[in-house]
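Remarks on the structure that follows.
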Protein chains: 2
Amino acid sequence: MARRTDITAADTALNIRREAVRLFAQYGYAAVSMRKIASAVGVMPGALYHHFPTKQDLLMCLLSEHMERLHIAWDTHKADCSFETLDASAQLSSFIAFHIRYHIALPEDVFISMMELRALDAGHFAKIEQSRHAYEQIVKDILMRSPEQPQMKIDDVHVTAMAILSMLTGITGWFNQKGRLSEDDIVACYCRLGARMTGQEPAHTQNRQFDTHLTPSLSIRS
Amino acid sequence: MARRTDITAADTALNIRREAVRLFAQYGYAAVSMRKIASAVGVMPGALYHHFPTKQDLLMCLLSEHMERLHIAWDTHKADCSFETLDASAQLSSFIAFHIRYHIALPEDVFISMMELRALDAGHFAKIEQSRHAYEQIVKDILMRSPEQPQMKIDDVHVTAMAILSMLTGITGWFNQKGRLSEDDIVACYCRLGARMTGQEPAHTQNRQFDTHLTPSLSIRS
DNA sequence: GTCTATAAGCGGATAGAC
DNA sequence: GTCTATCCGCTTATAGAC
């Protein structure tokens, strides 16, 4: 067969990233060899090194691009729901809905971004950790505005923020697209839980309506 | 130096388990070689195979013993706090306190039990997964008794149980023994959060007293 | 029960042809 | 941009001496 000119270098680089994400998520970074990635992509091992100088660089690329996409998606979501005009209670529900939908859509990226931080060398780790902290700060900033809301009562902003984030991120561990609960059901459940965790009475939250849907831009993946 | 008769085979096996837990927690199962474990223990690599036939068996031993100790500790805690006599609300606080204290005391065992499940082969995985489900069922059983409690309101037992467990297990990711909050502070915060997540009004939970301390048996480690 | 020594193969990464 | 071929250190695991 003649050389396929319909497959570009950019395609191969994208295939490498996609297969690497899949394999790292399933088996872990250390357990996946460059040979296995090459085999999944359909190229010889040496070809990978034309696109990524080392295995470590490949991992760092996956994690940094994931964090970058996450922040961009959040900024887009903020703009689309006029986030700054919402009160703290509505902001929290808006964040919860965004976080759940984004994480359910990209479970493998999320998974390796949690699990493989320790596989990064010091410099790379610091960069990703900074980006993670910035994301956590979103929740803390929302909770710190709670004193403006008479129906919100928070004992400890830091603990409550970490509890909410852990609770949300844990969803990817058990959620099944074909299971009993739809994505909308999950979002509704967790918005209620988030409201309760921030001291809002069930009576106040039962009948509130939130714009909990993501903007279409989220579904675009590089 | 003559052969040290004060070091027995049981000591070596214990040292292997301890160093393996530490190294697996820090770098991950796949990233840690038998050579590194042997070096940490202070023996030659071949000696490890006298105690564990394969690396996989060593991992399975660590995980199965962790789950076994966890269930035994829970049974002991249940007996010591007369668990069956408590109402559902107090049972939940009792469980939360137990879970937090146990997990803070053994963060490395907990960590590898979450992270290295995928490193187990199919048969071993099934056994550990069964034990994990049994532990999750503890929370579901408590929540399913909530209809007896007029102050408890739960939308979905499964979701609420998973949310509580994720929230609790996430603590090990950020808790620092020397940080701003003591273990007691954390337990108090999370008992409050757990109460709120199960629909209990802040006014109801603010002044309640729970026996949130673990029994002494927990501090014993094989 | 631990040692020395080694088998047999996989690991990341590179050089140079095409 | 991908291939073939290869370097060489490290991997799990075993055999037999002590």
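Every number here is computed from the coordinates shown, using simple stated rules; none is lab data. Remember, it's a predicted structure, so these values are computed and weren't measured experimentally. Backbone-built Cβ (ideal geometry, glycine too); neighbour counts: all protein chains shown.
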- line: GNM of chain A, Cα pairs under 10 angstrom: of A:Arg180, A:Arg69, A:Arg196, the biggest fluctuation goes to A:Arg180
field: the stretch B:117-134 residues near the modelled B:His71 label - backbone nitrogen below 17 Å, point 7 Å along Cα→Cβ
entry: B:123-134
statement: Taking a ≥ b ≥ c as the square roots of the Cα gyration tensor eigenvalues, with a/c under 1.5 meaning rounded and otherwise prolate when a/b beats b/c or oblate if not, the protein assembly as shown comes out oblate
statement: Treating only Lys and Arg (+1) and Asp and Glu (-1) as charged, each at its beta carbon, one finds that chain B has a dipole about its Cα centre, in Debye to the nearest 20, of 780 debye
- line: Answer in debye to the nearest 20: the dipole magnitude of the stretch A:1-79 about its Cα centre, from +1 Lys/Arg and -1 Asp/Glu charges placed on Cβ, is 260 debye
message: Let me confirm one metric for peptide A:154-166, namely the mean number of other chain beta-carbon atoms within 10 Å of its residues' beta-carbons.
response: 6
field: Förster radius 25 Å - calculated FRET efficiency between A:Gln151 and A:Leu181, Cβ distance, rounded to 0.05
entry: 0.40
statement: With Cα coordinates, the longest principal axis of chain A makes an angle with the long axis of helix A:55-80, in degrees rounded to 10, of 40 degrees
- line: Between the modelled labels at A:His158 and B:Ser33 (7 Å from Cα along Cα→Cβ) the distance in nm is 4.0 nm
message: Explain nothing, just the number: dipole magnitude of the protein assembly as shown about its Cα centre with +1 on each Lys and Arg Cβ and -1 on each Asp and Glu Cβ, in debye rounded to the nearest 20.
response: 1220 debye
query: Stretch B:Glu84-B:Ala10 to full length: gain in nm at 0.36 nm per residue minus the Cα-Cα span?
result: 22.8 nm
- request: Measure nothing but the geometry: give the 0 to 90° angle between the long axis through the Cα atoms of A:88-105 and the longest principal axis through the Cα atoms of chain A, rounded to 10°.
  value: 30 degrees
field: All lysines inside 18 Å of B:Lys153 as judged from Cα atoms, apart from same-chain residues fewer than 8 positions distant
entry: B:Lys140
- request: Pick out, from B:His50, B:Leu62, B:Ile72, the residue whose Cα sits farthest towards the positive end of the charge dipole of the stretch B:48-97, with +1 on the Cβ of Lys and Arg and -1 on the Cβ of Asp and Glu.
  value: B:His50
- request: Just need the relative contact order of the stretch B:55-219 here, percent rounded to a whole number, with Cα pairs under 8 Å and 6+ apart.
  value: 37 percent
field: Positive-end residue, the protein assembly as shown charge dipole about Cα centroid, Cβ charges, pick of A:Ala88, A:Phe175, B:Ser113
entry: B:Ser113
field: Angle between chain B longest axis and helix B:9-27 axis [Cα atoms, degrees, rounded to 10]
entry: 60 degrees
field: Cα-Cα separations in chain B greater than 31 Å, expressed as whole percent
entry: 30 percent
